[in-house]
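Chemist: Input: one structure, supplied below.
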Amino acid sequence: MTSDTESKGFFERLKAGLARTRNAFIKNIDDILLGERVISQKLFDELEETLIMADVGPVFTYELIEKMKEQAKRNELGDAEILRKVLRDTITDTLKKTEAPLQIPKNQLFTIMVVGVNGTGKTTTIGKLANALKKDGASLILVAADTFRAAAIEQLEVWSKRVDVPLIKQKPGADPAAVVFDAIVAAKARKTDAVIIDTAGRLHTKVNLMEELKKMKRIIERELPAAPHEILLVLDATTGQNAVVQAKMFNDEIGVTGIILTKLDGTAKGGVIIGIARELNIPIRYIGIGERLDDLKIFNSAEFVDALFER
């Protein structure tokens, strides 16, 4: 269980992590709203440009502007604070729909495939996820199925030792599906609660990558009906709209059941979480806001919006 002190500490780190996004997004919108005395088409045009630049996505931008225009017609937008409240409420409603913490059931082996392109912080995120799930009492096995990069295997091995969770691996160049098979057999024998599988993310060989992921998925399903239970996609917030493109691609190819958004502390593009929520309708399971072991947290929409808007 998380203490109140820990929660407050994380909120302050989240608020600090979102500072660049807040300055590039909310502050710019405040400047527009507070600088205008009349609600006009010019104001809506400036808002639209700012929202698009903030990476919230065209779908959300269009819907928000239309909602504001409709309320303006009914004379329900009397001042800047009301416009700001409409923005905040719309963001809150959008993010709330994707709030769905990962649930690890008891008394059955739960399989988690972690996917994403290289550079998103995938392997580090797996280490942090393993730490979080272990704290909640789950027994785990990590699986080094990114066999194309020796560094990926070594990095996961470092994390397995750091969080004291066993690792299943083979030599670099081994068949990833064979590593996954070994892991499932071992997890069954040890009555492990969950396996977390690291996968390759070589986007420049997209076809090969997706076929490899599909093969792994088939192997897991063959050994455990209805598995993999979770396909977690790790996205890098600093890439803005590219993160949305990646999410659509992985979802179309293998089906994504949850998203982890990393590096929110190093970007002004944190608004992309709104575009992801609105356009993809995939649960956002966790967000990452730093390098610390406990800087991966279950996504809480109200907490996120509070941190984003707090002046």
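The values are calculated or read from the model by the stated rules, or taken from the named source; none is laboratory data. Note that the structure is predicted; figures quoted are calculated from it, not measured. Note that we place each Cβ from the backbone using ideal geometry, even for glycine, and neighbour counts take in every protein chain shown.
Chemist: Can you find a residue in the range 233-243 that is of a type outside the set (A, V, I, L, M, F, W, C), in contact with a Gly (Cβ under 7 Å, 6 or more places away or on another chain), at pLDDT 90 or above and under 25 Å from Gly127 (Cβ atoms)?
Modeler: Among the residues of the range 233-243, at least one is of a type outside the set (A, V, I, L, M, F, W, C), in contact with a Gly (Cβ under 7 Å, 6 or more places away or on another chain), at pLDDT 90 or above and under 25 Å from Gly127 (Cβ atoms), which makes the answer yes.
Chemist: Hey, any hits in the range 112-122 for a residue that's under 16 Å from the mean Cα position of the chain (by Cα) and surrounded by fewer than 18 Cβ atoms within 10 Å (Cβ to Cβ)? Reasoning before the result, please.
Modeler: Just the residues of the range 112-122 that are under 16 Å from the mean Cα position of the chain (by Cα), to begin with: 112-122.
Restricting the remaining residues to those that are surrounded by fewer than 18 Cβ atoms within 10 Å (Cβ to Cβ) gives 118-119.
Checked the range 112-122: at least one residue is under 16 Å from the mean Cα position of the chain (by Cα) and surrounded by fewer than 18 Cβ atoms within 10 Å (Cβ to Cβ).
Chemist: Can you name the residue in the range 24-63 that is assigned to a helix (DSSP H, G or I) and of a type in the set (Gly, Ala, Ser) and, of all such residues, is nearest to the chain's Cα centre (by Cα)?
Modeler: Restricting attention to the range 24-63, the residues satisfying the condition of being assigned to a helix (DSSP H, G or I) are 24, 26-35, 41-53, 58-63.
When the remaining residues are screened for being of a type in the set (Gly, Ala, Ser), the result is 24, 35.
On the way: Ala24: 21, Gly35: 34 Å.
So, considering only residues that are assigned to a helix (DSSP H, G or I) and of a type in the set (Gly, Ala, Ser), the one nearest to the chain's Cα centre (by Cα) is Ala24.
Chemist: Does the range 247-304 hold any residues that are acidic (Asp, Glu) and surrounded by 22 or more Cβ atoms within 10 Å (Cβ to Cβ), and which are they? Talk me through it step by step, then tell me what you get.
Modeler: Just the residues of the range 247-304 that are acidic (Asp, Glu), to begin with: 252-253, 265, 279, 291, 294-295, 303.
Answer for the range 247-304, where residues must be acidic (Asp, Glu) and surrounded by 22 or more Cβ atoms within 10 Å (Cβ to Cβ): just Asp265.
Chemist: Give the number of residues within the range 255-274 that are more than 12 Å from the chain's Cα centre (by Cα) and of a type outside the set (D, E, K, R). Steps first, please.
Modeler: Going residue by residue through the range 255-274, those that are more than 12 Å from the chain's Cα centre (by Cα) are 255, 265-269, 271.
Right, trim to of a type outside the set (D, E, K, R) and you get 255, 266-268, 271.
Residues in the range 255-274 being more than 12 Å from the chain's Cα centre (by Cα) and of a type outside the set (D, E, K, R): 5 in total.
Chemist: Please find, within the range 138-151, the residue that is farthest from Ile196 (Cα to Cα) out of those that are touching a strand residue (DSSP E or B) at 6+ places or on another chain (Cβ under 9 Å) and surrounded by 22 or more Cβ atoms within 10 Å (Cβ to Cβ).
Modeler: Step one: filter the range 138-151 for residues touching a strand residue (DSSP E or B) at 6+ places or on another chain (Cβ under 9 Å), giving 138-146.
Keeping just the survivors that are surrounded by 22 or more Cβ atoms within 10 Å (Cβ to Cβ) gives 140-146.
Details: Leu140: 7, Ile141: 6, Leu142: 5, Val143: 6, Ala144: 9, Ala145: 10, Asp146: 12 Å.
Selected residue: Asp146.
Chemist: Would you pick out the residues in the range 249-277 that are over 19 Å from Glu230 (Cβ atoms), β-branched (Val, Ile, Thr) and not in a loop (DSSP other than H, G, I, E, B)? Explain how you work it out, then say what you get.
Modeler: At the first step, the residues of the range 249-277 found to be over 19 Å from Glu230 (Cβ atoms) are 263-275.
When the remaining residues are screened for being β-branched (Val, Ile, Thr), the result is 267, 272-274.
Within the range 249-277, Val272, Ile273, Ile274 qualify.
Chemist: Looking at Lys297, Lys217, Lys248, Lys269, which one is more than 24 Å from Phe11 (Cα to Cα) and in contact (Cβ under 8 Å) with a residue 40 or more places away in the chain?
Modeler: Numbers: Lys297 fails: more than 24 Å from Phe11 (Cα to Cα); Lys248 fails: in contact (Cβ under 8 Å) with a residue 40 or more places away in the chain; Lys269 fails: more than 24 Å from Phe11 (Cα to Cα).
It is Lys217.
Chemist: Right, here's the next one. Condition test on Glu66, is it exposed (fewer than 15 other Cβ atoms within 10 Å of the Cβ), under 25 Å from Asn281 (Cβ atoms) and either free of Cβ contacts under 8 Å to residues at least 24 places away in the same chain or not polar (S, T, N, Q) (or both)? Talk me through it step by step, then tell me what you get.
Modeler: Numbers: exposed (fewer than 15 other Cβ atoms within 10 Å of the Cβ): yes; under 25 Å from Asn281 (Cβ atoms): yes; either free of Cβ contacts under 8 Å to residues at least 24 places away in the same chain or not polar (S, T, N, Q) (or both): yes.
Judged against the criteria, Glu66 is a match.
Chemist: How many of the residues making up the range 50-77 are touching a helix residue (DSSP H, G or I) at 6+ places or on another chain (Cβ under 9 Å), farther than 21 Å from Ala307 by Cα and charged (D, E, K, R)?
Modeler: So the first thing to find is which residues in the range 50-77 are touching a helix residue (DSSP H, G or I) at 6+ places or on another chain (Cβ under 9 Å), and the list is 50-65, 67-69, 71-72, 76-77.
When the remaining residues are screened for being farther than 21 Å from Ala307 by Cα, the result is 58-59, 62-63, 65, 67-69, 71-72, 76-77.
Checking which are charged (D, E, K, R) leaves us with 63, 67, 69, 76.
Going through the range 50-77 one residue at a time, the tally reaches 4.
Chemist: Another question, then. If you scan the range 278-299, which residues turn out to be in a loop (DSSP other than H, G, I, E, B), under 12 Å from the mean Cα position of the chain (by Cα) and within 21 Å of Asp136 (Cα to Cα)?
Modeler: Our first condition is that a residue be in a loop (DSSP other than H, G, I, E, B); within the range 278-299, this holds for 281-283, 289-295, 299.
If we keep only those that are under 12 Å from the mean Cα position of the chain (by Cα) too, we end up with 282-283, 289, 299.
Residues satisfying the conditions are Pro283, Ile289, Phe299.
Chemist: Look through Ile197, Ile231 and report the one residue that is outside any helix (DSSP H, G or I), touching a residue at least 40 places away in the same chain (Cβ under 8 Å) and in contact with a Pro (Cβ under 9 Å, 6 or more places away or on another chain). Write out each step before concluding.
Modeler: Details: Ile231 fails: in contact with a Pro (Cβ under 9 Å, 6 or more places away or on another chain).
Exactly one residue qualifies, and that residue is Ile197.
Chemist: Shifting gears a bit: It is to be established whether one or more residues within the range 114-130 are assigned to a loop (DSSP other than H, G, I, E, B) and either farther than 17 Å from Gly258 by Cβ or basic (Lys, Arg) (or both).
Modeler: So far as the range 114-130 goes, yes, one or more of its residues are assigned to a loop (DSSP other than H, G, I, E, B) and either farther than 17 Å from Gly258 by Cβ or basic (Lys, Arg) (or both).
Chemist: Out of all the residues in the range 168-181, is one or more among the hydrophobic types (A, V, I, L, M, F, W, C) and touching a Ser or Thr at 6+ places or on another chain (Cβ under 8 Å)? So that I can check it myself, show each step before the final result.
Modeler: From the range 168-181, those among the hydrophobic types (A, V, I, L, M, F, W, C) are 168, 174, 177-181; that's our starting set.
After this cut, where a residue has to be touching a Ser or Thr at 6+ places or on another chain (Cβ under 8 Å) as well, the list is 174, 179.
Checking the range 168-181: at least one residue is among the hydrophobic types (A, V, I, L, M, F, W, C) and touching a Ser or Thr at 6+ places or on another chain (Cβ under 8 Å).
Chemist: Test Leu156 against the criterion of being aliphatic (A, V, I, L, M) and under 21 Å from Ile104 (Cα atoms), and give yes or no. Can you show your working first?
Modeler: Values: aliphatic (A, V, I, L, M): yes; under 21 Å from Ile104 (Cα atoms): no.
No, not satisfied.
Chemist: Out of all the residues in the range 220-237, which are touching a helix residue (DSSP H, G or I) at 6+ places or on another chain (Cβ under 8 Å), surrounded by fewer than 20 Cβ atoms within 10 Å (Cβ to Cβ) and not acidic (Asp, Glu)?
Modeler: The one that is touching a helix residue (DSSP H, G or I) at 6+ places or on another chain (Cβ under 8 Å), surrounded by fewer than 20 Cβ atoms within 10 Å (Cβ to Cβ) and not acidic (Asp, Glu): Leu224.
Chemist: Does the range 154-184 hold any residues that are β-branched (Val, Ile, Thr) and either surrounded by 17 or more Cβ atoms within 10 Å (Cβ to Cβ) or part of a loop (DSSP other than H, G, I, E, B) (or both), and which are they? Write out each step before concluding.
Modeler: So the first thing to find is which residues in the range 154-184 are β-branched (Val, Ile, Thr), and the list is 158, 163, 165, 168, 179-180, 184.
If the condition is that a residue be β-branched (Val, Ile, Thr) and either surrounded by 17 or more Cβ atoms within 10 Å (Cβ to Cβ) or part of a loop (DSSP other than H, G, I, E, B) (or both), then Val163, Val165, Ile168, Val179, Val180, Ile184 are the ones that fit.
Chemist: Could you please find all residues in the range 24-73 being polar (S, T, N, Q) and farther than 17 Å from Arg88 by Cβ? Spell out the reasoning first.
Modeler: In the first step, residues of the range 24-73 are kept if they are polar (S, T, N, Q); the result is 28, 40-41, 50, 61, 71.
Of everything in the range 24-73, those that are polar (S, T, N, Q) and farther than 17 Å from Arg88 by Cβ turn out to be Ser40, Gln41.
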